[in-house]
Amino acid sequence: MKRRELISLFGVAGIAAFLPVALAACSSEKTETTGKTEKTTTTAPKDWQQVGTVAELDKKGQLLLEKSPAGAVLVVGTSASKTLTAVNPTCTHSGCIVGWNNKVNKFECGCHGSEFALDGKVLEGPATEPLKGYASKIEKGAVFIKAV
Ligand code: FES
């Protein structure tokens, strides 16, 4: 084997040997970035978070905010009602967003038919776990929730 052929072969082999290392370095950076993002989005803040205004809540008797620092939030009630209910409307079966049906007073999931009571308990499957609840309050014209 001539010297030129050896260098050429080593060059291709060197690139081939370096390529997996370079790809691994790139993918580990992405993993770290993804890890940071997941960590910040899954950590529910312990302080009160504003999710809307009383005017928005009173308009429909419910207030949905799919993306808040605490996660998805559905508040049911009005400023005139004695109590507010706030849940994470992510269905515990497969993750669809449930809706509040005022006519039958329950949360309903349009994906596979699960139903939940006002307190989040399962009324009808296939879901088996209750909806997660939040503490909620109205203050100075705004609606607030807090992880419990
Ligand atoms: Fe709600 Fe399946 S995702 S019942």
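Below are the figures for this structure:
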| item | result |
| --- | --- |
| Selected residue (criterion: nearest to Gly113 (Cα to Cα)) from residues of segment 82-98 that are away from the ligand (no atom under 13 Å from the Cβ) and surrounded by fewer than 15 Cβ atoms within 10 Å (Cβ to Cβ) | Thr83 |
| Gly52 being crowded, with 17+ Cβ neighbours inside 10 Å, away from the ligand (no atom under 14 Å from the Cβ) and either modelled with pLDDT under 95 or within 23 Å of Ala142 (Cα to Cα) (or both) | yes |
| Single unsatisfied condition, Ser79 versus (1) within 13 Å of the ligand (Cβ to nearest atom); (2) under 19 Å from Trp48 (Cα atoms) | (1) |
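The rows are residues; the columns are (1) within 17 Å of Val148 (Cβ to Cβ); (2) at pLDDT 90 or above.
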position	(1), (2)
Ser28	no, no
Lys59	no, yes
Glu66	no, yes
Val75	yes, yes
Gly95	no, yes
Phe107	no, yes
Gly125	no, yes
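The values are calculated or read from the model by the stated rules, or taken from the named source; none is laboratory data. These numbers were taken from a predicted model, which means no experiment stands behind them. Glycine also receives a Cβ, built like all others from the backbone with ideal geometry; neighbour counts cover every protein chain displayed.
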